[in-house]
1. Six or more apart or on different chains, Cβ atoms under 7 Å: show the pairs whose first residue is in segment 293-307 and assigned to a helix (DSSP H, G or I) and whose second is of a type in the set (Val, Ile, Thr) and exposed (fewer than 10 other Cβ atoms within 10 Å of the Cβ).
2. Being acidic (Asp, Glu) and assigned to a loop (DSSP other than H, G, I, E, B) is the filter; apply it to segment 90-140 and report the residue that is farthest from residue 77 (Cα to Cα).
3. From the list 267, 233, pick out the single residue that is in contact with a helix residue (DSSP H, G or I) (Cβ under 6 Å, 6 or more places away or on another chain), buried (at least 19 other Cβ atoms within 10 Å of the Cβ), assigned by TED's automatic domain parsing to the domain that holds residue 148 and among the aliphatic types (A, V, I, L, M).
4. Any idea which of (1) within 36 Å of the chain's Cα centre (by Cα); (2) surrounded by 19 or more Cβ atoms within 10 Å (Cβ to Cβ); (3) of a type in the set (A, V, I, L, M) is the one residue 198 doesn't satisfy?
5. Considering only segment 238-253, how many residues are surrounded by 17 or more Cβ atoms within 10 Å (Cβ to Cβ) and not in a helix (DSSP H, G or I)?
6. Looking at 219, 316, 299, which is the one that is of a type outside the set (Lys, Arg) and either in contact with a strand residue (DSSP E or B) (Cβ under 9 Å, 6 or more places away or on another chain) or surrounded by 14 or more Cβ atoms within 10 Å (Cβ to Cβ) (or both)?
7. Hey, among 190, 212, which residue is hydrophobic (A, V, I, L, M, F, W, C), surrounded by 17 or more Cβ atoms within 10 Å (Cβ to Cβ) and in a helix (DSSP H, G or I)?
8. From 380, 445, 396, 406, which residue is surrounded by 10 or more Cβ atoms within 10 Å (Cβ to Cβ), modelled with pLDDT of 80 or more and assigned to a helix (DSSP H, G or I)?
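The values are calculated or read from the model by the stated rules, or taken from the named source; none is laboratory data. Treat the numbers as computed from the prediction; the structure is a model and nothing was measured. Cβ: placed from backbone, ideal geometry, glycine included. Neighbour counts: every protein chain shown.
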Amino acid sequence: MSLSDTPSNLPELSVSELSTALKRLVEGEFGLVRVRGEISGFMRAASGHCYLNLKDDRAVIDAVMWKGIAGTLRFKPEDGMEVVCTGKLTTYPARSKYQLVVETMAPAGIGALLAQLEERRRKLAAEGLFDPARKQLIPYLPDVIGIVTSPTGAVIRDILHRLADRFPRHVLLWPVLVQGEQAAGQIVAAIKGFNKIAPGGPVPRPDVLIVARGGGSIEDLWAFNEESVVRAAAASDIPLISAVGHETDTTLIDFASDLRAPTPTAAAEMAVPVRSELRAQVLDLERRLVGAQGRLLEERRARLISAARGLPRLSEILGLPRQRFDAVAERLPRALLANVRAGETRLARLAARLRAGLVRDHIQRGQRSLSEAMRRLQEGERRLLRDHSVTLDGLGQLLRALSHQGVLARGFALVRDSAGKPLHRASGTVPGMAVEIEFQDGRRGATITGEKPASGKAVQKPAGDTQGRLF
C-alpha cells in the first residue's frame, strides 16, 4: 500500500488557503513588534514607497515602508545605519516571504547619527567646503535680507521683530519645510533661488541670507546636515548666516556658512546694527570732531604766538633797508640828471648824423613817390576820360533813339496849342483853335476847322487862305 492510499484526517488545503492561514497566524501572533537592526539594500521606488532589509549578525528580515510614513521621517535612511522600527509583521504570499510593514523608524541611538554626521563632516572638510578662506564678509548694513525658514513658526516672527527693533530692512521670505524628508530639497532650492535673482530686477537681490530654524533633536535638525544643503550653502554667492537650533546645537551648515549665529534672534542682530546706537555714535563722533578741531586751532594759535615772540620787531627788521633806501634816494636825483644829460648829448650827436643822411634819403624817396603818383594820376585821368567818352556816346545814341526828333524823322508831326503844350487827342481841340505843327525840318502855324476829311482825300485849301489848316 502506498502513502497516497493511507487514510488521513488532515484537511486538504490549496496553496492560497495555506498562505492565507499563515498570514492570519503571523499577523495575529505578531500584531505590533519593535525591531532593531541594520539597514541594507535600501531602495525608494518611483511610487515613493521604501523597501529595505533589517539584519543583524545572524538573520535578515524584509521590510517595507509606505509613502505616507516615509514622508514623515526626520532623517534620511542609508545602508549601514542602525535603526529601531515599529510595525506589523505580515506575509507576502506571492513569494512565500514574511516582511515587516514599518510604521515608525528612528535611529538606534544618538551615537549612530553622530558617527554618520562625523563621517560626513570629515568628507566635506576634506573637499575644502569648510575652509575659512572661502567665507565672505557680512555687509555692515544690508538693504535687502533674504530669509529661508518656515513661514508659520516662531522663528520668522522673532527675526522680523528683532530687525524692526534694531534697524528695519526690506525682507524677502522663502518659505520652506525645516524638517522631514522634503526639507533638504526645499532649502537647497531656496538658497539657489535667491542667488539666481539678478541685480536691478523687479525683485531685489538680497545682500545677505539667513537660514534659520528653531531648536530640536538631532533628528529634527537632520535636514541641515544633508550634503546637498551644505554644498548649496558653501556655493552661495550671497553671504549666508546659519541660525539653526539653539546655542548648543551644531549642524553641518554651520561649518559651510559665512557666519554662524547661536539662535535665529542672534542672526538678526548680526545682520544689522542698532540704529539708535549708530545715531549716538555719529553724534559722539561729531562732538569729538568739533572738539578736536577746536583743540587743533588753539594749539596752532599758541604755536603762532610763541613763534611770533621769537621774531624781531618790525622796526628792527626794516631799519637797515630804510637806511639803504635813504642813501639810494639821495643819490637818485643826481644820477638821473647825469643820465639825462648824457642821453641828451648822445641824442644830439645822433640827430645831427641822422639829419644829414635822412634828408637826402627823404628827398629822393619823395621825388620817386611824386613821379610815380603823377604817372598813376595821368593814367587814371586818361582811363577816366575814355570811360566817360564811351558812356557819353552810349547815352547820346540812347537819347537820339528815344527823342521825338527820331519820331518826326519817320513822318510824324507834333501838334502844340498856343501855350506850347502837346495835343494828344482830337477831343482836346475846338474849331478855330490856333495850333502849331512841328515837322522834322521846322514848324508851321495852323487853325482847327472842325471838318473831318474824307478817307483817302486831300483837304483843299480855300482861296486867299494864307494859313494852312490841320483838319
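1. none
2. Per the criteria, the residue is 131.
3. Result: 233 is the single residue among 267, 233 that is in contact with a helix residue (DSSP H, G or I) (Cβ under 6 Å, 6 or more places away or on another chain), buried (at least 19 other Cβ atoms within 10 Å of the Cβ), assigned by TED's automatic domain parsing to the domain that holds residue 148 and among the aliphatic types (A, V, I, L, M).
4. Exception for residue 198: condition (2).
5. Number satisfying all stated conditions: 11.
6. Answer to the selection: 219.
7. 190 is the lone residue from the list that is hydrophobic (A, V, I, L, M, F, W, C), surrounded by 17 or more Cβ atoms within 10 Å (Cβ to Cβ) and in a helix (DSSP H, G or I).
8. Within the list 380, 445, 396, 406, the selection yields 380.
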